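The values are calculated or read from the model by the stated rules, or taken from the named source; none is laboratory data. These numbers were taken from a predicted model, which means no experiment stands behind them. Cβ coordinates were reconstructed from backbone atoms using ideal geometry, including for glycine residues, and neighbour counts include every protein chain displayed. Please note that ligands, DNA and RNA were not included when accessible areas were found on the heavy atoms of the full protein model with its side chains. Shrake-Rupley method; radii C 1.70, N 1.55, O 1.52, S 1.80 Å.
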Amino acid sequence: MADSTEVPIRESETPTISIAVDFYGGLHTLFGKGQHKLAIPAADKSGNPATIGFLVTHLCETKMNDPRTELFVLDGHIRPGILVLINEADWELEGEEAYEIQSGDNIVFVSTLHGG
Amino acid sequence: MTQRPGPNSVSAHVDNGEDVPDSGTSGASVSRRLTEEEFDRYSRQMIVPGVGKDGQLRLINSRVLIIGAGGLGCPAAQYIAGAGVGTIGIVDGDVVEVSNLHRQVGHAASRIGMKKVDSLITHLRGLNTLPTYVPYTFHINPQNAADIISRYDLVMDCTDNPATRYLISDICVLLCKPLVSAASVQKSGQLIVLNCPPTPQGRLDRQYAPCYRCCFKKPPPPSSMLSCGEAGIMGPVVGMMGVAQAGEAIKILISALHIPSQDHSIPLERNLAQPTLLVYTYELENAVGPYSFRALKMAGRKKNCFACGENSTLTLEGIQSGTPNYEQFCSLPSPNFTLPPDERITASAYHGARNRGEIPNHLLLDTREKEHFSFGSIDGAVNVPFGKLLTKAAAIKREGGAASDILPPVEESDVAEDTPIFVVCRRGLDSQEAVEKLKELGVNNGGKRRIVDIVGGMKAWKDEVDPAFPWV
Ligand SMILES: [Zn+2]
């Protein structure tokens, strides 16, 4: 599933990588829907490989249709209270924001809930 | 409150939670015959493969603490009581309100105003008189938490705020209790089994189950947090999570996984040392879409965890004397600004000025969500939901365009460049931010136009002007 690319890859010099990004716990409302198949640039503007940190900025700039970015990012980092899972594993085990994204990766963002 | 121990009951008689026996032995297998009533009542569940008489006796000899008698606690308690858990403690300081009844299925219209704990126990006794019910008609706090939790074998977190969730988890780590935790707001739900099988704080010689802090290291800032009272909650969503919580608790008790122990004779059916976080998303906008359940694999106990990790300094004594400070931990400063007085007007002053004809021509923007607006609004108010307003403001900043486009379409002749704008929201926070945004975009026409916040929002309108206003 994660390998199929619904987003047409643009004719451009920047190579892209196909990933699946999922949002849960209310975050999906910031991005229009919960499940996204994306083709993201394989490298940032300085030519460094795309990391989770880069993905977060990229999502804010291109996919967020709600201006309240502070619900997703605070001080340039994922805001506290959001779990990040990389291919079903806690991102702490993968190097957090420094993790270099691979083609086919599934990145999951979950906002933790407290109501009851 | 009096309890009625079942016939041949092995649990001690308890009164208001004072004399529940210390935990530690109740999970041990107690062999005895089932009474005729027990046999009849529990037969349908006992014949399920994996339960049997031994499983049923484990439930009967178990003590479960349900913290929170609301949207999660009510459905959870029904199944815990129905299954025949021997001692059921319930903690909650709130009273039943009519707005609870769409989801809090253990209460009733006839018990509005009653303590939720007493109301729920009334309901549970109607289902099953055999368990011993222990009421705690107050909120759990750092001073009473350890004393209450120490009397039980398993804890179910059915509460509604992060400070209490961190407190409950910390106590469960220190007292070696498994914790079944669920949460739900609006159209989302979550569930996870923590600290199970329970392992003493600081042990890391192999993989152990995580605690709440291992999984959720930091609370979200209060500004991004939604409560059921503010964001709303769908009954079946929170109900589903509460029922699933009961299911997990019953599995743990039947399998005797709640007993702190090094080796378990019963093989683990799944790896609880790396539990899954169940996330449920309920789509109202996409009614024909697929069910959205997902089980996310979580990591085990973390070496650097503040509560259960290697060099943790967390103690029961510390918690009782105020360290850590849970309220402070969960209420990091948020940008709560207040506009200067000349940009604000009280609801009653606005109402008076309108009645006296002092503001014949003005715009009134109501920035509540459209669902709230649909119940009622001040005459002439135009709905511009806050999120939409921010989106438009961001688009204008980014792409340019007329700032006046942010205003609702109105007759040109009605709006002059000095026509004042009043902004009202639900409680008076969003409206202040909206005033700031509109000024930033130049909608105030260089100061020719006043843009004014109505202090306290529609809540204040209800309190000061129109008591019959349908405010949610
Ligand atoms: Zn921990």
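General remarks:
Each row is one residue, and each column tells you yes or no for (1) outside any loop (DSSP other than H, G, I, E, B); (2) surrounded by fewer than 20 Cβ atoms within 10 Å (Cβ to Cβ).
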position: B:Pro409; (1), (2): no, yes
position: B:Ala416; (1), (2): no, yes
position: B:Gly428; (1), (2): no, no
position: B:Gln432; (1), (2): yes, no
position: B:Glu436; (1), (2): yes, yes
position: B:Lys439; (1), (2): yes, yes
position: B:Gly442; (1), (2): no, yes
position: B:Asp453; (1), (2): yes, no
position: B:Lys459; (1), (2): yes, yes
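- Where helices (runs of 4 or more DSSP H) fall wholly inside region B:121-234, the ranges with 1 or more residues that are away from the ligand (no atom under 13 Å from the Cβ) are B:145-149, B:162-175, B:228-231.
- Counting only helices (runs of 4 or more DSSP H) that fall entirely inside region B:273-359 and contain at least 1 residues that are outside the structural domain of B:Ile451 (by TED's automatic domain parsing) and within 16 Å of the ligand (Cβ to nearest atom), the qualifying elements are B:316-320, B:326-329.
- Of all residues in region B:288-309, those that are among the aromatic types (Phe, Trp, Tyr) have Cβ atoms under 8 Å from Cβ atoms of residues that are near the ligand (Cβ under 6 Å from one of its atoms), 6 or more apart or on another chain, in B:Phe306/B:Arg213.
- Residue check, B:Gly86 away from chain A (no Cβ under 14 Å) and in contact (Cβ under 8 Å) with a residue 12 or more places away in the chain: yes
- Filtered by the rule that a residue be acidic (Asp, Glu), over 34 Å from the mean Cα position of the chain (by Cα) and surrounded by 14 or more Cβ atoms within 10 Å (Cβ to Cβ), region B:346-367 gives no residues.
- Those residues of region B:368-406 which are open to solvent by less than 30 Å² (accessible area, probe 1.4 Å) and in a loop (DSSP other than H, G, I, E, B), in sequence order: B:Arg368, B:Gly376, B:Ile378, B:Ala381, B:Val384, B:Pro385
- Leading residue by the ranking (surrounded by the fewest Cβ atoms within 10 Å (Cβ to Cβ)) among those in region B:69-97 that are aliphatic (A, V, I, L, M) and more than 18 Å from B:Gly239 (Cβ to Cβ): B:Val95
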